[in-house]
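Report on the following structure.
The values are calculated or read from the model by the stated rules, or taken from the named source; none is laboratory data. Fair warning: this is a prediction, and the values are worked out from it, not measured in the lab. A quick note on method: Cβ atoms are made from the backbone with ideal geometry, for glycine too, and the neighbour counts reach across all protein chains shown. Note: areas computed on protein heavy atoms with side chains; ligands, DNA, RNA excluded. Shrake-Rupley method; radii C 1.70, N 1.55, O 1.52, S 1.80 Å.
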Amino acid sequence: MFAGWGMETNRIVFFDSGVGGLTLLREFLRRYPWAECAYFGDNENAPYGNRSEAEICRLAAGAFEKIALLSPRAAVIACNTVTADCAEALRAEYSFPIVGVDPAVRPAAAAAGQGRILILATRATLAGARVRELIDRCGGGRVEPYCPARLAGDIEKNIFRLSRIRLADHLPRGEYAAVVLGCTHYIFLRERIAAFYGCPAFDGNAGTADHLAHIVN
């Protein structure tokens, strides 16, 4: 698998608006530790989630102009917000494969049965047609979307001291059968969020890592 990797043109570039995409990079390298990868984090402008769609796409386009100079084997949008707003435009612009990440609504719905599901995501992600479609397919009436507006920024600022973040300041109270982490930043707090609600927490990293491996193999 992945024969011939090591050449510059076989490098996979992961992009995110800050540090959140490192969770996806970690998941991919856990499965495929021999892969040659690079990471592009736009920490200067992070987080993207509360920006307008036009501004998000402008920032992503600027990042991908630099990523294209690396002649990547593939690029990964390790950000739910950029995937929702910009993925199709970026795929139309570049010839190399571009893989995005979606909230793990379907596996959460399968695990939750008829129970309620909470989706935590940025405002821009929740406004996207892709997420609305996923919610509708999984029984929209039992799916509650919520935007913890400052959580991604709080994680970005406290990445080396995550214990300082008080989840009660960011998350809604309620009883849920499953929680979807619709932002790669939130995955740094997966265990704490799952404990906060007393139910499993789901994210799209594993599925994205497997899809990426299929694309580049």
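Count of the stretch 105-164 residues, restricted to those that are in contact with a Cys (Cβ under 9 Å, 6 or more places away or on another chain), outside any loop (DSSP other than H, G, I, E, B) and among the hydroxyl-bearing types (Ser, Thr, Tyr), is 1. Restricting attention to the stretch 64-88, the residues that are in contact with a helix residue (DSSP H, G or I) (Cβ under 9 Å, 6 or more places away or on another chain) and under 25 Å from residue 147 (Cα atoms) total 12.
In the set 180, 216, only one residue is open to solvent by less than 10 Å² (accessible area, probe 1.4 Å) and at pLDDT 95 or above; that residue is 180. Of all residues in the stretch 193-209, exactly one satisfies the criterion of being part of a helix (DSSP H, G or I) and surrounded by fewer than 16 Cβ atoms within 10 Å (Cβ to Cβ), namely 195. Looking only at residues in the stretch 100-142 that are open to solvent by less than 10 Å² (accessible area, probe 1.4 Å) and of a type in the set (Val, Ile, Thr), which one is nearest to residue 15 (Cα to Cα)? Looking at residues that are open to solvent by less than 10 Å² (accessible area, probe 1.4 Å) and of a type in the set (Val, Ile, Thr), I get 101. When residue 153 is tested against (1) in contact with a helix residue (DSSP H, G or I) (Cβ under 8 Å, 6 or more places away or on another chain); (2) open to solvent by less than 30 Å² (accessible area, probe 1.4 Å); (3) within 21 Å of residue 52 (Cα to Cα); (4) not basic (Lys, Arg), only condition (1) is not met. In the stretch 88-106, the residues that are free of Cβ contacts under 8 Å to residues at least 24 places away in the same chain form Cβ pairs under 9 Å with partners that are part of a strand (DSSP E or B), at six or more places apart or across chains, as follows: 91/98; 91/100.
Quick one: would you say residue 28 is under 18 Å from the mean Cα position of the chain (by Cα), closer than 28 Å to residue 199 by Cβ, modelled with pLDDT of 90 or more and aromatic (Phe, Trp, Tyr)? So residue 28 fits the description; yes. Looking across the stretch 53-81, the residues that are of a type outside the set (D, E, K, R), free of Cβ contacts under 8 Å to residues at least 60 places away in the same chain and under 24 Å from residue 204 (Cβ atoms) come down to 57, 59, 60, 61, 63, 64, 67.
Which residues, counting only those in the stretch 51-67, are crowded, with 16+ Cβ neighbours inside 10 Å and modelled with pLDDT under 95?
Selection gives 51 alone.
Residues that are at pLDDT below 95 and either of a type in the set (Gly, Ala, Ser) or open to solvent by less than 10 Å² (accessible area, probe 1.4 Å) (or both) within the stretch 3-19 comprise 3, 4, 6, 17, 18, listed in sequence order.
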